[in-house]
Amino acid sequence: MSEIEKATNIESKESAPRIEVVPRDVLIEKIRPLHEKPDIAIGLLLSGDRIACCDEGVVAEQETKLIGVATIAPKGEEMSGQPTIVGLYVIPEHRGKGVGTQILKRAVDRCIERGFENIRMDVMSLNAMKIINKLPEDLKKKIDVHDLGNIMDNF
Ligand SMILES: CC(C)(COP(=O)(O)OP(=O)(O)OC[C@H]1O[C@@H](n2cnc3c(N)ncnc32)[C@H](O)[C@@H]1OP(=O)(O)O)[C@@H](O)C(=O)NCCC(=O)NCCS
C-alpha cells in the first residue's frame with residue numbers, strides 16, 4: 001500500500017457510532033434531516049401515525065450525523081395497548097456494519113428497563129428478521145414478532 005493509500009485508509013476509518021435513548025422532542029429534531037430526502041422506508045416507518053405514537057427513540061450518530069434510529073411506542077400503534085418497537089431504520093450507506101443490530105438491542109433493553117414485557121415488532125424485512133434471530137435469547141424472548149414479509153428490503 002502506498003503512503004497516499006495508507007493516509008486515505010486512516011482518514012476513512014470511521015469512529016464507532018454513538019447510541020443513545022432520546023425523548024420524543026429530541027427524536028423528532030434528530031430525524032428531521034431524514035425527511036429532507038425521504039425514501040419509502042422513511043415515509044412508511046418514521047412519519048404520520050407511526051411517529052405520532054412514539055415517546056422515545058434510540059438514535060445512532062456518527063460525529064453529529066444521524067445514521068440510524070429505532071422508535072418506541074409505549075402503547076403501540078393506534079393505541080393498541082401493546083408496547084411496540086415501531087420503526088427501525090439505518091441510512092443505506094451505513095447498512096451491513098452492525099448499526100441496526102446495536103440500535104435494536106438498545107431499544108429492546110430500553111423497553112425492558114421501562115417494564116415492558118411483550119414487545120411487539122411488525123417485521124417487514126428479512127434483514128430485520130436476521131437481526132432479531134441473532135439477538136441474545138433473553139432479549140429475543142421479550143419480542144412478539146409479527147412477520148409481515150420482506151417488502152422493506154427493496155428500500
Ligand atoms: C433492516 C435494517 C435496519 C438493518 O440495518 P443494518 O445496519 O444493515 O443491520 P446490521 O448491519 O446489523 O445487519 C443486519 C443484516 O442485514 C444484512 N444487510 C442489510 N443491508 C445490508 C447491506 N447494505 N450490505 C450488507 N449487508 C446488509 C446484514 O448482512 C445482516 O445480516 P447478517 O447478520 O446475517 O450478516 C436496514 O437494512 C434498513 O434500514 N432497512 C430499511 C428499513 C427496514 O427494513 N426496516 C425494518 C422494518 S421492520
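The values are calculated or read from the model by the stated rules, or taken from the named source; none is laboratory data. The structure displayed is predicted, hence computed values, not measured ones. Here the Cβ is made from the backbone with ideal geometry for all residues, glycine too, and neighbour counts use every protein chain on show.
Of (1) more than 15 Å from the ligand (Cβ to nearest atom); (2) closer than 20 Å to residue 121 by Cα, residue 26 satisfies all except one. Which?
(2)
Can you tell me which residues in segment 59-88 are out of contact with any His (no Cβ under 9 Å at 6 or more places or on another chain) and among the small types (Gly, Ala, Ser)?
Hits for segment 59-88 are 70, 73, 76, 80, 81, 87.
Quick check, is residue 16 assigned to a strand (DSSP E or B), among the aliphatic types (A, V, I, L, M), without any contact (Cβ under 8 Å) to a residue 60 or more places away in the chain and within 14 Å of the ligand (Cβ to nearest atom)? Step through it out loud before you land on a result.
Values: assigned to a strand (DSSP E or B): no; among the aliphatic types (A, V, I, L, M): yes; without any contact (Cβ under 8 Å) to a residue 60 or more places away in the chain: yes; within 14 Å of the ligand (Cβ to nearest atom): yes.
So residue 16 does not fit the description; no.
Counting only residues that are more than 17 Å from residue 76 (Cα to Cα), touching a helix residue (DSSP H, G or I) at 6+ places or on another chain (Cβ under 9 Å) and in a helix (DSSP H, G or I), which one in segment 95-108 is farthest from the ligand (Cβ to nearest atom)?
My answer is 105.
Within segment 140-153, track down each residue that is more than 9 Å from the ligand (Cβ to nearest atom), touching a residue at least 12 places away in the same chain (Cβ under 8 Å) and of a type outside the set (A, V, I, L, M, F, W, C).
Pass one, segment 140-153, residues more than 9 Å from the ligand (Cβ to nearest atom): 140-147, 149.
Filter again for touching a residue at least 12 places away in the same chain (Cβ under 8 Å), leaving 142-147, 149.
Once the filter is applied, which keeps residues that are more than 9 Å from the ligand (Cβ to nearest atom), touching a residue at least 12 places away in the same chain (Cβ under 8 Å) and of a type outside the set (A, V, I, L, M, F, W, C), segment 140-153 yields 142, 144, 146, 147, 149.
Yes or no: residue 92 more than 17 Å from residue 22 (Cβ to Cβ) and touching a Pro at 6+ places or on another chain (Cβ under 6 Å)? Can you show your working first?
Details: more than 17 Å from residue 22 (Cβ to Cβ): yes; touching a Pro at 6+ places or on another chain (Cβ under 6 Å): no.
Answer is no for this residue.
Is it the case that residue 56 is of a type outside the set (Lys, Arg) and exposed (fewer than 12 other Cβ atoms within 10 Å of the Cβ)?
Values: of a type outside the set (Lys, Arg): yes; exposed (fewer than 12 other Cβ atoms within 10 Å of the Cβ): no.
Against the criterion (of a type outside the set (Lys, Arg) and exposed (fewer than 12 other Cβ atoms within 10 Å of the Cβ)), residue 56 does not qualify.
So which residues in segment 109-119 are acidic (Asp, Glu), more than 16 Å from the ligand (Cβ to nearest atom) and under 17 Å from residue 54 (Cβ atoms)?
Here is the first cut: in segment 109-119, the ones acidic (Asp, Glu) are 109, 113, 117.
Narrowing further to those that are more than 16 Å from the ligand (Cβ to nearest atom): 113, 117.
Passing the criteria: only 113.
Before we move on, is residue 47 farther than 20 Å from residue 150 by Cβ and polar (S, T, N, Q)?
Values: farther than 20 Å from residue 150 by Cβ: yes; polar (S, T, N, Q): yes.
Yes.
Six or more apart or on different chains, Cβ under 8 Å: which pairs go from a residue in segment 120-133 that's over 13 Å from residue 45 (Cβ atoms) and within 7 Å of the ligand (Cβ to nearest atom) to one that's in a helix (DSSP H, G or I) and modelled with pLDDT of 95 or more? Could you list them?
Every condition considered, the pairs that remain are 127/100; 131/100; 131/101; 131/104.
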